[in-house]
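*Asks:* One structure follows; several queries about it will come next.
Coordinate-derived values only; no laboratory data. Keep in mind it's a predicted model, so treat the numbers as computed, not measured. When we count neighbours, we look across all protein chains shown, and the Cβ atoms used for this are built from the backbone with ideal geometry, even at glycine.
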Amino acid sequence: MGSPLRYNVLVIGAGMSGLAAAIRLAHFGKKVAVLERHDRVGGLNSYYSLNGYDLDVGLHAVTNFAPRGASTSALSKIFRQLRIKPENFDLSPQKKSRIAFPGVTLEFTNDFACLEEEVAKNFPSQKDRFRKLVEAIRNADPYHPSAERRSAREAVSSVISEPLLAEMLLAPLMYYGNAMEDDMDYRQFVIMFQSIYLEGFARPRRGVREILDSLLNRLDESGGELKLESGVREILVENGKVYGVKLMDDSRIECDSVLSSIGLLETIAICPESSRREKKPAEGKLAFMESINILDSSPVELGMEHAITFFSNRENFSFRKPEEPVDVNDGVICVPDNFSYGEPLNCNMVRITNKADYAYWENINPMENLPRKRDWHSRSIEGAADYMPDIRDKIKFLDVFTPRTVRRYTGHINGAVYGSPDKVWSGGTALPNLFLCGTDQGFLGIIGAMLSGISIANQYLLK
């Protein structure tokens, strides 16, 4: 029997953060392998084919969009650090999106002046207060080690005196990158405000596979390795340091360091030594149901002009695990056709996302799963009646996935897309050569995930 394989770094999980970290490490001559338990990459942002349709998991839009030449943007940093050409992502900017609450709508585009004008028009008494808030956000450094954790709700309400405006500003940021219930870490608020409002949305024409294909090509060109269907059963520790991993088939791979992108709780679960040393973080509770609806006619012709609609039927926006199987009183509606592609996309797709209760969907009788999905899908369309037409008689293809699906394909406890509310911003753990990137390191979303992998690789593994 030969000696075990050995690498400088093993990356657990082939999501955006894991792939980005591995590319960065391979660029500098590190022998690196990415270990993925499934047969395809992407994690929370993957893709699949069903009934002849190519479909994305999770992707509505990419945040942090910046036009070419904006050298200080997060997106430009990713292109530089990973040596990827911007055209490889093939990003097309949104046309316009909106935040819609009872009686008030705020439209926004990738030109921040649009949102400023909307705030001034709908909340004239808050015009100067909004500018003050934006100035504070522009001057904040949420990535600095000394950045304190504090309530985003308190920070916003200390400047914005109109509660409805505060709720409307918070809702999209919570839906697109927040693991806490009913509040948000101010650092994460700043990051998401910059990502969504100050920079903006874009979408790859071919969906998330455009980005994943670019990352896989760069990993291969850089000399990094990808091992699919190679789930990690245990992170091996000796004398207080990681020395390798045991895979599900009981084979072992040795290494100098491990970088885990699968989540903090999920990493602790496969590293007994770490579990004895780490303070156990809180479990994430926020999970979602999402439907993919392909229509027999154009959503635009039905009056759906916005790329993304964040809506709420209540002035007091509630961002927490619902008491019902699905909370249809607020959500996100995405129309992929409403981005500025060179040629019209014409995919006739509408995606609807609502908060959902993981326990209900995990424990449901399998015979009841499909009819319950259909029932709650119908209710979700009814819940969005003030913000979209009734599309139920126009759907020619439907797929619905629940927190149970997310748990099965990502391993995230409770199907919590954004992981634990207890983030490890440093990326370090109780073990000196075990590190975290991705969801539970604190940078969320597609761009945030890649930045996380790059940052942790740079900080700890390329010194």
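*Asks:* How much net charge surrounds PHE311 when only the other residues with a Cβ under 9 Å from the Cβ of PHE311 are counted, with Lys and Arg +1 and Asp and Glu -1?
*Replies:* Its environment carries a net charge of -1.
*Asks:* Restricting to Cα pairs below 8 Å that are 6+ residues apart, what does the relative contact order work out to for the chain? Please round to a whole percent.
*Replies:* 24
*Asks:* If I model a spin label as a point 7 Å beyond the Cα along the Cα-Cβ vector, how far apart are those points for TYR48 and ASP213 in nm?
*Replies:* According to this spin-label approximation, the distance is 2.1 nm.
*Asks:* Suppose only helical runs count, i.e. DSSP H with n ≥ 4. What mean residue ellipticity at 222 nm does that imply for the chain under -39500 (n - 2.57) per run, divided by all residues and rounded to the nearest 500 deg cm²/dmol?
*Replies:* Mean residue ellipticity, 222 nm, calculated: -9500 deg cm²/dmol.
*Asks:* PRE reach from PHE28 (point 7 Å along Cα→Cβ): which of the stretch 421-443 fall under 19 Å by backbone N?
*Replies:* Inside the label zone: 426-429, 432-438.
*Asks:* Also: For a paramagnetic label modelled at 7 Å from the Cα of ASN8 toward its Cβ, which residues of the stretch 431-463 fall within the zone defined by backbone nitrogen distances under 11 Å?
*Replies:* Once the point is set 7 Å along Cα→Cβ of ASN8, 461-463 turn out to lie under 11 Å by backbone N, inside the stretch 431-463.
*Asks:* Stretched out fully, how many nm does the piece from ASN316 to LYS127 gain, at 0.36 nm a residue minus the Cα gap?
*Replies:* My answer for the length gained is 65.9 nm.
*Asks:* Ok, one more. Viscosity 0.890 mPa s, temperature 25 °C: what is the translational diffusion coefficient of the chain from Stokes-Einstein with a Kirkwood Rh over Cα pairs, rounded to a whole number of µm²/s?
*Replies:* Estimated via Stokes-Einstein, D reaches 108 µm²/s.
*Asks:* If the chain between GLU181 and LYS241 were fully stretched, how many nm would it gain, using 0.36 nm times the residue separation less the Cα-Cα distance?
*Replies:* 18.1 nm
*Asks:* Which GluC sites (Glu not before Pro) in the stretch 298-394 pass both tests, a DSSP loop state and at most 16 other beta-carbon atoms within 10 Å?
*Replies:* Sites meeting the loop and neighbour criteria: GLU301, GLU305, GLU315, GLU323.
*Asks:* Looking at the stretch 185-287, which chymotrypsin sites (Phe, Trp or Tyr not before Pro) are DSSP coil and have at most 16 other C-beta atoms within 10 Å of their C-beta?
*Replies:* Answer in residue order: no site qualifies.
*Asks:* Can you pull out the chymotrypsin sites (Phe, Trp or Tyr not before Pro) in the stretch 1-82 whose DSSP state is coil and whose Cβ has at most 14 other Cβ atoms within 10 Å?
*Replies:* Listed in order of number, the matching sites are PHE28.
*Asks:* Okay, next question. Applying 1/(1 + (r/R0)^6) with R0 = 30 Å to the Cβ-Cβ distance of TYR143 and GLU221, what FRET efficiency is obtained, to the nearest 0.05?
*Replies:* Result of the calculation: an efficiency of 0.55.
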